[in-house]
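Structure first, then comments.
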Amino acid sequence: MSPRGPAERELRQSRQVNASQKPSEEVVKVPELQGVGHIALTVTDPKRSADFYNRLFDAQTFLTVEDEIGPLTICVSPSMMFGFRRHTSTGEADRFDPARVGLDHLGFHVTDRQQLEAWQMRLDEQGVTNSGIIEDESGLHLNAKDPDNIALEFFSMPPHVEKPEGRKKAVAGAEIGMMPEGMGSTFEPEEDTEAEG
């Protein structure tokens, strides 16, 4: 055991003092975020996924590489960056399952019903099967699936729900969270989610 020098004693005393003090408001305040900046998904075909998300979100492929992990494609839209990765162990027939540990769905927040209707029109134009707008006590939901069965939800909170101060910016971007039971992760399209042609 090494002898304790003055620096170590000072550090220990400092920790004891800090532990006994009540944290100030500045210490407990959550640092500001700009929202979710990028999402990286494991997919069976990065090019197919990039094509789907590029069309839906008006994104562009920024980078396509292959490294020791496998193929990777990165796409950038005006509000979000998407990464699509196939690992060497990813089987071609594999499909996303929200019941496994990890992602349940991707949630994209919009301001109101009008914006949700605009997203429904865009999904319809792209040939993406969707649930239509569903309203419940937690808000308005519009659900769809990507080519690997990954659940996508476009969501608007009810106007009477007060958003915490810190969430104002994040709500405008994408968020990852839990969908109310019976919503997007269980939505099953009746046909292929890819646009024809």
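The values are calculated or read from the model by the stated rules, or taken from the named source; none is laboratory data. Predicted, not measured: the structure shown is a model, and the values here were computed from it. A quick note on method: Cβ atoms are made from the backbone with ideal geometry, for glycine too, and the neighbour counts reach across all protein chains shown.
The set of residues in the range 49-63 being surrounded by 14 or more Cβ atoms within 10 Å (Cβ to Cβ), out of contact with any Cys (no Cβ under 8 Å at 6 or more places or on another chain) and without any contact (Cβ under 8 Å) to a residue 24 or more places away in the chain consists of ASP51 alone.
Matching residues to (1) assigned by TED's automatic domain parsing to the domain that holds LYS145; (2) among the β-branched types (Val, Ile, Thr); (3) touching a residue at least 60 places away in the same chain (Cβ under 8 Å):
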residue: VAL65; (1), (2), (3): no, yes, no
residue: GLY70; (1), (2), (3): no, no, no
residue: THR73; (1), (2), (3): no, yes, no
residue: SER79; (1), (2), (3): no, no, yes
residue: PHE82; (1), (2), (3): no, no, no
residue: ALA93; (1), (2), (3): no, no, no
residue: GLY102; (1), (2), (3): yes, no, no
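Checked across the range 105-113, the condition of being aliphatic (A, V, I, L, M) and surrounded by 15 or more Cβ atoms within 10 Å (Cβ to Cβ) holds for at least one residue. Residues of the range 78-101 that are closer than 20 Å to GLN34 by Cα and loosely packed, with under 15 Cβ neighbours inside 10 Å: PRO78 alone.
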